[in-house]
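Visitor: First, the structure itself, so that you have it in front of you.
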Ligand SMILES: *Cc1c(COP(=O)(O)O)cnc(C)c1O
């Protein structure tokens, strides 16, 4: 049996909506993109949702909109994809990397509080809702022992919050939807994410001024977009450029795929959840494999990737395990080699691994197993059986 690590699910209305766009004669950003934005905003319960051509673009625009520039410093968890961090460098800002909670892979309010005490010049924090489990953003009224949520910690330090929700659609925590928490939230619709547009992203915000700035900057710094000029008979031909903006708009061809995906987002999330619950059940008897800690109700989890930790006493290390799994037709991956181990960040900031003890342990042992809506029970059982054969006691 062959169980690939990732598999795209485009079995809904994708082709039909793409056909509508092709027949409309307008392939770039217009009605379909506007419709995708409106539906997406509705689902996450946010006032503004602005479609762009990647999550990286979304993160770049978000940091630009809150005024991040040369000399500023921005805090990101070391356990993330380079996009979360590189956008600060686009703007001439520098990075402060912080450790994560090794049980979940997440930033915690306490870790961020300690890191901000040490680096009081930080202007913005970018939490990553790793694997689809949201960071604890709000204070816990029922459990004061838990203390402040991440938003309160950042407010106390006068720091803005830009969420990297590339893994976290649709996701919730503490009764709220990811996208309705912080100043700005950025989503990814890259091919292997929980919903896709091929390539694409979205910025969500409640703030009118931030939304206006991003709307202008995603299309060349033009004061209103091309679509309004062409469709409004009273609009004049004239437009103004108020800043050196970017070319980050989402084409309607991509938005068409997104609209069809959005219709099935919750059903696909539920399928991934069913798969994860089967994995967790089957793997319970295997001491060598430990799934990540679950701090939330499974229904609130986006379940983007299924990550387990290979325990230190296991017969094979994570590195030795991956090729053995591949030989049995099982795809596997590592999310992520932390940024402090990447040449660029390590050299620029002279980073020592012992500054990130939890991320170090996490990355040495983390293993992502196949997860997608169309994975079958037989495929999950094959993955678990293969792990059992390789790592089981007997
Ligand atoms: C995928 C991903 C991104 C980048 O998304 P793109 O849409 O490919 O730009 C950013 N952050 C994280 C955590 C991701 O997984």
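Values quoted throughout were computed directly from the atomic coordinates according to the rules given, and no laboratory measurement underlies them. Just so you know, these numbers come straight off a predicted model, no measurement behind them. Heads up, the Cβs are rebuilt from the backbone with ideal geometry, glycines too, and the neighbour counts pull from every protein chain shown.
Visitor: Which of the peptides 316-323, 208-215, 196-203, 134-141 is most tightly packed, and how do the rest follow, judged by the mean count of other Cβ atoms within 10 Å per residue?
Guide: Put in order of decreasing packing, that is 196-203, 134-141, 208-215, 316-323.
Visitor: Sort 19-27, 116-124 by the packing proxy (mean of other Cβ within 10 Å over each peptide's residues), most packed first.
Guide: With the highest mean Cβ count within 10 Å placed first, the list reads 116-124, 19-27.
Visitor: Taking 7 Å along the Cα-to-C-beta vector as the label spot, tell me the residue 142-residue 267 distance in nanometres, rounded to one decimal.
Guide: Placing both labels 7 Å beyond Cα along the Cβ direction yields 3.2 nm.
Visitor: On a 0 to 90 degree scale, rounded to 10, what angle separates helix 208-217 from the longest Cα axis of the chain?
Guide: 80
Visitor: Now for a separate question. Calculate how steeply helix 109-118 sits against the longest principal axis of the alpha-carbon atoms of the chain, using the helix alpha-carbon long axis, and give the answer as 0 to 90 degrees to the nearest 10.
Guide: Tilt relative to the chain: about 70 degrees.
Visitor: Still on this model: Of the residues 350, 174, 358, which exhibits the maximal mean-square fluctuation in a Gaussian network model of the chain defined by a 10 Å Cα contact cut-off?
Guide: Among 350, 174, 358, the largest mean-square fluctuation in the Gaussian network model of the chain belongs to 350.
Visitor: Run the paramagnetic zone check for residue 120: 7 angstrom along Cα to Cβ, then residues of the range 152-194 with backbone nitrogen under 15 Å.
Guide: The answer is 156-159.
Visitor: So what is the calculated 222 nm ellipticity per residue for the chain, using -39500 (n - 2.57) for each DSSP H run with n of 4 or more, over all residues, to the nearest 500 deg cm²/dmol?
Guide: So the helix-based figure for the chain works out to -11500 deg cm²/dmol.
Visitor: Over the chain, what portion of Cα pair distances is larger than 36 Å, expressed as a whole percent?
Guide: The share of Cα pairs beyond 36 Å in the chain comes to 25 percent.
Visitor: Please compute P(r) over all alpha-carbon pairs of the range 255-374, binned at 5 Å starting from zero, and give each bin as a whole-number percent.
Guide: Result, from short to long distances: 2, 10, 15, 18, 17, 14, 12, 8, 4, 0 percent.
Visitor: Right, next: Determine the gain in length on full extension of the stretch residue 277-residue 317; use 0.36 nm per residue of separation and subtract their C-alpha separation, reporting nm with one decimal.
Guide: That works out to 12.0 nm of additional length.
Visitor: Moving to a separate point now. Using 0.36 nm times the number of residues separating residue 155 and residue 349, minus their current alpha carbon distance, what extension gain do you get?
Guide: Result for the pair: 67.2 nm of gain on full extension.
Visitor: Tilt of helix 55-65 relative to the longest C-alpha principal axis of the chain, in degrees (0 to 90, nearest 10)?
Guide: 60
Visitor: Normalising by the residue count of the range 99-183, find the relative contact order in percent from Cα pairs under 8 Å and 6+ residues apart.
Guide: Dividing the mean separation by the residue count of the range 99-183 yields 30 percent.
Visitor: Let me ask something else about it. Which value does Rg/Rh take for the range 7-103 over its C-alpha atoms, Rh per Kirkwood?
Guide: Rg/Rh: 1.09.
Visitor: Continuing with this model, one more query. I'd like the distance separating the alpha-carbon centroids of the range 350-393 and the range 191-219, in whole Å.
Guide: Cα centroid of the range 350-393 versus Cα centroid of the range 191-219: 31 Å apart.
Visitor: I've got another one for you. Which residues in the range 271-312 have a backbone N closer than 20 Å to a point placed 7 Å from the Cα of residue 381 along the Cα-to-Cβ line?
Guide: Zone members listed by number: 271-286.
Visitor: Taking the chain as a Gaussian network, where each spring joins two C-alpha atoms under 10 Å apart, which residue of 58, 171, 191 fluctuates the most?
Guide: Among 58, 171, 191, the largest mean-square fluctuation in the Gaussian network model of the chain belongs to 191.
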